[in-house]
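Heads up, the thing below is written out as structure tokens.
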Amino acid sequence: MVLIHLTVKPSGFNGSPLKTFSDSQYTAIVSLYGPQSYFLNSHITYHPAFNNTLLGLRLLQADLMFIDLYDFWRLPVLNGNVILGYGESIENQHTWLNSFRELRQSFRNGCFQAFDVDKKCFNSWVLTDYGLKISMLIDNSEFKLNNSPYYYFWKRDGDKAVRVSSLIDRMKSSISAIRNYNPVVFNAATDTMRYAAFFRYLKRTNTKSWNNFLQQISNVQIQPEVKTPTRWKIPLFSSLEPSL
């Protein structure tokens with residue numbers, strides 16, 4: 001039997017929202033289409049664990065990112081200061097534009113195969129880890145998790161939602177550009193996927209250790225304090241909307 005002492009340090013936030021999320025039956029974290037949404041006015045809803053947390057804010061931005069790539073390379077600001085969590089730093093001031101250009105090209109190449117007679121490439125997308133396997137390994141006494149979430153694009157075909165495979169595959173191949181465009185946001189999404197998978201594995205295979213972990217982290221205060229938005233006006237067009 002191998003005993004692992006694990007220190008959980010996902011970047012930018014503590015593990016409290018993740019442990020609550022992982023201990024629940026739900027797999028969705030944030031949606032722009034809550035019950036009070038209408039037309040282009042979005043009612044943003046969160047899994048309760050992520051309400052008013054920095055992690056909730058990061059995951060919302062990851063979901064919104066393709067709507068405005070001209071702006072969402074930036075991080076949210078409060079009282080004139082960029083909101084940063086534990087281990088986070090601003091790294092993309094001078095590199096985001098190259099990543100943006102690469103993403104635009106990848107998007108256009110992926111859409112070229114997907115256009116139908118109405119020149120519609122997609123209707124929407126979701127950031128997901130559906131179908132992925134998360135591997136765990138120990139490298140030089142360091143515990144590591146691998147794999148990254150991806151963007152699933154779809155479009156309407158009558159009353160069906162159809163997968164846009166060419167665009168999904170193209171954007172998967174551009175994962176480095178997505179990460180470099182906004183490292184803080186994409187790393188937060190990646191950490192969430194990986195640690196949620198690990199925590200649920202631990203809960204399923206070692207209930208005693210999981211309950212001990214829950215007890216140890218029960219009094220952790222979530223820092224920094226933020227207020228997650230619940231309303232947003234959706235633009236008519238995405239910054240990736242091609243004009244072919």
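Across the range 51-87, the qualifying residues are those that are aliphatic (A, V, I, L, M) and free of Cβ contacts under 8 Å to residues at least 12 places away in the same chain, and the one among them that is nearest to Leu236 (Cα to Cα) is Val77. Checked across the range 193-204, the condition of being surrounded by 15 or more Cβ atoms within 10 Å (Cβ to Cβ), closer than 24 Å to Leu32 by Cα and basic (Lys, Arg) holds for at least one residue. Name the one entry in Ser42, Ser89, Ser11 that is part of a strand (DSSP E or B), modelled with pLDDT under 95 and not aromatic (Phe, Trp, Tyr). Just one listed residue meets the conditions, Ser42.
When the test is whether a residue is among the charged types (D, E, K, R) and either in contact (Cβ under 8 Å) with a residue 40 or more places away in the chain or surrounded by 18 or more Cβ atoms within 10 Å (Cβ to Cβ) (or both), Asp159 does not pass it. In summary, Arg200 fulfils each of the numbered conditions (1) touching a residue at least 24 places away in the same chain (Cβ under 8 Å); (2) within 29 Å of Ser99 (Cβ to Cβ); (3) in a helix (DSSP H, G or I) with the single exception of condition (2). Across the range 52-69, the number of residues qualifying as in contact with a Pro (Cβ under 9 Å, 6 or more places away or on another chain) and not in a helix (DSSP H, G or I) comes to 2.
Of all residues in the range 57-66, those being more than 9 Å from the chain's Cα centre (by Cα) and surrounded by 24 or more Cβ atoms within 10 Å (Cβ to Cβ) number 2.
If you go through the range 233-240 one residue at a time, do you hit one that is under 25 Å from Phe21 (Cα atoms) and either at pLDDT 90 or above or not in a helix (DSSP H, G or I) (or both)?
no
Taking the range 21-34 as the range and being part of a loop (DSSP other than H, G, I, E, B) and surrounded by fewer than 16 Cβ atoms within 10 Å (Cβ to Cβ) as the test, the residues that pass are Asp23, Ser24, Gln25, Tyr26, Thr27, Ala28, Gly34.
Here the range 35-50 is the region considered, the condition is being without any contact (Cβ under 8 Å) to a residue 40 or more places away in the chain and buried (at least 17 other Cβ atoms within 10 Å of the Cβ), and the residue that is farthest from Gln223 (Cα to Cα) is Ser37. Note on the range 96-184: enclosed strands (runs of 3 or more DSSP E) holding 1 or more residues that are more than 26 Å from Leu32 (Cα to Cα) and at pLDDT below 90 are 136-139, 142-145.
Scanning the range 166-192 for residues that are of a type in the set (Asp, Glu) and crowded, with 19+ Cβ neighbours inside 10 Å turns up just one, Asp191. Looking at the structure I just gave you, is Phe186 among the aromatic types (Phe, Trp, Tyr), out of contact with any Ser or Thr (no Cβ under 7 Å at 6 or more places or on another chain) and closer than 27 Å to Asn92 by Cα? Spelling it out, Phe186 is indeed among the aromatic types (Phe, Trp, Tyr), out of contact with any Ser or Thr (no Cβ under 7 Å at 6 or more places or on another chain) and closer than 27 Å to Asn92 by Cα.
The values are calculated or read from the model by the stated rules, or taken from the named source; none is laboratory data. Bear in mind that the values here come from a model prediction, so they are computed numbers and not experimental data. Cβ sites come from the backbone with ideal geometry, for glycine too, and all protein chains shown count toward neighbours.
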